[in-house]
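Since the structure comes first, as structure tokens, the remarks are kept for the end.
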Amino acid sequence: VVKFRRTGESSRSDEDGISGGHEVQIEGVRTELEPVELGDGAAVPKEFANPTDDTFMVEDAVEAIGFGKFQWKLSVITGLAWANAMEMMILSILAPQLHCEWRLPSWQVALLTSVVFVGMMSSSTLWGNISDQYGRKTGLKISVLWTLYYGILSGFAPIYSWILVLRGLVGFGIGGVPQSVTLYAEFLPMKARAKCILLIEVFWALGTVFEVLLAVVVMPTLGWRWLLILSALPLLLFAGLCFWLPESARYDVLSGNQEKALATLKRIATENGAPMPLGKLVISRQEDRGKMRDLFSPHFRWTTLLLWFIWFSNAFSYYGLVLLTTELFQAGDVCSISSRRQEVKAKCSLTCEYLTEEDYTDLLWTTLSEFPGVLVTLWIIDRIGRKKTMALSFLVFSFCSLLLFLCVGRNVLTVLLFIARAFISGGFQAAYVYTPEVYPTATRALGLGTCSGMARVGALITPFIAQVMLESSVYLTLVVYSGCCLLAALASCFLPIETKGRGLQESSHKEWGQEMVGRGSHSPGESQE
């Protein structure tokens, strides 16, 4: 096998391009071609990536450069932003503490949780639009700094109304943090994308575990105010490192900034020790980026609607389980919580119970289920596809919810909650893989932002199910969560596009996958469904 690297300009007729045996005519070239001999079965060196095209796309460059040192650094830095799970996990710890300390009725405790999700719901689409209009890095930096500022400030809240407003503003900032997945996904080669996005979710799991451990140490001695302040540490670290983050080359290409995109790609190639593709970078400029109407074009309408319900169900069930876990552990099991509700009906609604050391221990065990959730999803997502992974996760969660109807002991209760949380978190992670893959660069941040916004609607409603409805009927509460996840499993199966093994689309003005035809993203025998 002989491979030539073209070092001058060439011209070739269309007939030559489709002919089986042809000669390449090179005119006006002063330099010579380099012959390189390859042994039997040897791979073509990376320096000959895209050797016969005059142009290349960002997708070609990302695939040719591959995964390396740059992506590892990017994983850690964007992961620090993703560790904002601490700000979410703190809700299940802060609520019972303030319920007792400030003598809050149950509806005010539920409102304290919901106001965070109101902020996230109201801002998710806005942050997505900012990221599509002004860049992924810009949107992510502003949202993280916003969350950091109000997160620290909420630790100094003197009264209930102040903490309500400040936690709402924290939620407003958290709504933009999912854009870290958009930025991250756009730098990943196709084969590594699902695995890498799932692995960055490990930072979410680490954040939740760290929050519980921090609460065990801080709550008995320093109190909840210091817990709020110290929970902002990962975001503080991210704020110091975020200036290293480059802007997405895909965004720069779409906004017409060819030189900046090329400089970013060269920087990645240098850090990874890989060559750039030969030729000229193609610019596919699109001015009308981040438009809501593109999400409802004929090709994406059903995908958008189904994804909104899937994200709603994910957050509704995930955060519901987090809140329900605290309630169930305090009661002992489902039967105990039912009898206890009957006993306290005549009592004052201000009756409270502080979290015990045993509660924190069990909370830690169920939180650790995030890690096997990542591993299970990592193992199946490239085998059975994104759609089936989400459907399976919802089905297992629904089944475990129904098993809670049995009067099981505390140990079995912990195991069921562990499995349920592992799979619902895995489903959430699969949605984070699928959503950036299915939308084009022009609307990718907006698509993820609107889906995240719908998730916050679910998270906004869930405290009133997991905390308020639970007081009336624990069985009705479990039926609501189980039924919602069964419908979400069906919605996952009905998604029209499977993104497994596909490249990212750039412009929303082209049909899905059109840009990748003939780009070498698929092997000849690979399915093109």
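FYI, it's all coordinate maths here, none of it is from the lab. In this text, all values refer to a predicted model and were calculated from it rather than measured experimentally. Quick reminder, even Gly has a Cβ in these numbers, built from the backbone with ideal geometry, and neighbours come from all protein chains shown.
Remarks
- Estimated D of the stretch 405-511 in µm² per second, where Rh is the Kirkwood radius over Cα pairs and Stokes-Einstein applies at 25 °C, 0.890 mPa s: 149
- Label zone of Ile159 (point 7 Å out along Cα→Cβ, amide N under 20 Å): in the stretch 211-238 this covers 225.
- Each peptide in 175-188, 55-68 gets a packing score, the mean of other Cβ atoms within 10 Å over its residues, and the list from highest to lowest is 175-188, 55-68.
- Amide H to amide H distances under 5 Å link Ala442 with Ser508, where only residues 5 or more positions off or on other chains count and H is placed in the peptide plane.
- Label positions at Leu241 and Thr138, each projected 7 Å from the Cα along the C-beta direction, are separated by 2.5 nm.
- Dipole magnitude of the stretch 353-489, debye to nearest 20 (Cβ charges: Lys/Arg +1, Asp/Glu -1, about Cα centre): 740
- Centroid-to-centroid, using Cα positions, the stretch 471-494 and the stretch 152-172 are 32 Å apart.
- For the stretch 53-284, with +1 on Lys and Arg beta carbons and -1 on Asp and Glu, the positive-most of Thr138, Thr113, Ala61 along the dipole: Thr113
- Compared with the alpha-carbon gap, the fully stretched path from Glu471 to Leu375 is longer by 31.0 nm at 0.36 nm per residue.
- Amide H partners (placed H, <5 Å) of Thr55, local residues excluded: Lys280
- The share of alpha-carbon pairs in the stretch 121-165 lying farther apart than 16 Å comes to 49%.
- When each of the peptides 481-489, 122-130 is scored by the mean number of other C-beta atoms lying within 10 Å of its residues, the order from highest to lowest reads 122-130, 481-489.
- Positive-end residue of Ile197, Gly128, Leu104, charge dipole of the stretch 53-284 with Cβ unit charges: Leu104
- For the stretch 53-284, a crude dipole built from +1 on the beta carbon of Lys and Arg and -1 on the beta carbon of Asp and Glu, taken about the Cα centre, is about 380 debye to the nearest 20.
- Ordering Tyr150, Ser180, Phe238 by Cα displacement along the dipole of the stretch 134-253 toward the positive end leaves Ser180 in first place; charges were set at the Cβ atoms of Lys, Arg (+1) and Asp, Glu (-1).
- Full extension of the chain between Leu305 and Trp226 yields a length gain of 24.3 nm, computed as 0.36 nm times the residue separation minus the alpha carbon distance.
- Applied to the stretch 293-302, the Karplus parametrisation 6.51 cos²θ - 1.76 cosθ + 1.60 on θ = phi - 60° returns per-residue 3J(HN,Hα) values of 4, 5, 6, 10, 5, x, 6, 10, 4, 5 Hz, with x for Gly and Pro.
- Cβ crowding within 10 Å averaged over residues, with 372-383, 304-315 ranked highest first: 304-315, 372-383
- Per-residue HN-Hα couplings for the stretch 443-457 [Karplus 6.51, -1.76, 1.60; θ = phi - 60°; Hz; x = Gly/Pro]: 10, 5, 5, 5, x, 5, x, 5, 5, 5, x, 5, 4, 6, 4
- Based on Cα contacts under 8 Å between residues 6+ apart, the stretch 53-284 shows a relative contact order of 38 percent.
- Over 27 Å between alpha carbons, listed pairs Lys73/Lys387; Lys141/Lys388; Lys137/Lys388; Lys260/Lys387; Lys73/Lys137; Lys69/Lys260: Lys73/Lys387; Lys141/Lys388; Lys137/Lys388; Lys260/Lys387
- Tail beyond 29 Å, pair distance distribution of the stretch 53-284 (Cα, percent): 35
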